[in-house]
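Everything below concerns the one structure shown next.
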Amino acid sequence: MDFKDKIRSTLAAHERIPMAPGPVPAAVLLPLYRKAGDCHVLFTKRTEHLHHHRGEISFPGGVRHPNDRDMRATALRETREEVGIAPDDVEILGILDDFHSVYNYRVTPFVCFLPDDCHFSINPNEIDRIIEVPLSHLLDPAIFRVEDWNWKGRIHPVFFYTYGADEIWGLTAAILHQFLDLLFKGK
């Protein structure tokens, strides 16, 4: 079984937990691709002039538009707008649980594979830069930590992954953590 098949079968076997409607619907892609013989994960660093999530590291994606057919269409549209990946170049492998953001978004993450030779074309109005992280790096326990944060009177675990000078945390790290936990339990 190749890696894509492993992801596809693992996500198909996962009993997904969707969220009830209410929060603003949004969707992201967790994009994987091969580069220099290693599997990489694509992240974006958002520009500092945005109203929401400025300067944060995230997966490509955003809020559902009324003309989006479904959440998958939202993730694909937003990814094209942010990093220039055509929807036909995206191979969706599965879907993770919905996540609730502190900004009251219900985020649906889709795991996908991009072509090995994909070319990124960032939208400078939204994206400062692309961050390409080898999947093997994200499996190193030395770059991972959990902090307990108080939010709305309750303690919540907040995940952090460090890659060079960049810190992937919050909702993006929670989505990443679920993906890694499902695929690499105990590693």
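The values are calculated or read from the model by the stated rules, or taken from the named source; none is laboratory data. Quantities reported herein were computed from a predicted structural model and do not represent experimental measurements. Methodologically, a virtual Cβ is constructed for each residue, glycine included, from the backbone with ideal geometry; neighbour enumeration extends over all protein chains shown.
Tabulated data
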read-out	value
Search result, residues across segment 165-185 that are of a type outside the set (A, V, I, L, M, F, W, C) and either out of contact with any Asp or Glu (no Cβ under 8 Å at 6 or more places or on another chain) or in a strand (DSSP E or B) (or both)	D166, E167, H177, D181, K185
Any hit, segment 152-163, residues being in contact with a helix residue (DSSP H, G or I) (Cβ under 8 Å, 6 or more places away or on another chain) and assigned to a helix (DSSP H, G or I)	no
Total residues in segment 160-187, condition over 17 Å from V41 (Cα atoms) and without any contact (Cβ under 8 Å) to a residue 24 or more places away in the chain	2
Test for R69: is it in a loop (DSSP other than H, G, I, E, B), over 18 Å from A173 (Cβ atoms) and of a type in the set (K, R)	yes
Residues of segment 15-33 that turn out to be at pLDDT below 95 and either in a loop (DSSP other than H, G, I, E, B) or under 16 Å from V111 (Cβ atoms) (or both), as a count	9
Segment 101-122 - residue that is of a type outside the set (A, V, I, L, M, F, W, C) and surrounded by 15 or more Cβ atoms within 10 Å (Cβ to Cβ) and, of those, nearest to L182 (Cα to Cα)	P109
Those residues of segment 1-33 which are exposed (fewer than 11 other Cβ atoms within 10 Å of the Cβ) and either touching a His at 6+ places or on another chain (Cβ under 6 Å) or free of Cβ contacts under 8 Å to residues at least 24 places away in the same chain (or both), in sequence order	M1, D2, D5, A13, E15, A20
Leading residue by the ranking (farthest from E91 (Cα to Cα)) among those in segment 110-120 that are in contact with a helix residue (DSSP H, G or I) (Cβ under 7 Å, 6 or more places away or on another chain) and either hydroxyl-bearing (S, T, Y) or in a loop (DSSP other than H, G, I, E, B) (or both)	F120
Cross-chain or 6+ apart pairs with Cβ under 8 Å, segment 142-153 first and among the acidic types (D, E), then modelled with pLDDT of 95 or more and surrounded by 10 or more Cβ atoms within 10 Å (Cβ to Cβ)	E147/F160
Residue within segment 48-70 that is aromatic (F, W, Y) and under 14 Å from the mean Cα position of the chain (by Cα) present	yes
Considering residues of segment 123-148 that are of a type in the set (V, I, T) and part of a strand (DSSP E or B) only, the residue surrounded by the fewest Cβ atoms within 10 Å (Cβ to Cβ)	V146
Residue in segment 41-60 that is in contact with a helix residue (DSSP H, G or I) (Cβ under 9 Å, 6 or more places away or on another chain) and more than 17 Å from R129 (Cα to Cα) present	no
Filter pass, G22 being out of contact with any Lys or Arg (no Cβ under 8 Å at 6 or more places or on another chain) and not polar (S, T, N, Q)	no
Some residue of segment 64-81 being among the β-branched types (V, I, T), out of contact with any Pro (no Cβ under 6 Å at 6 or more places or on another chain) and at pLDDT below 95	no
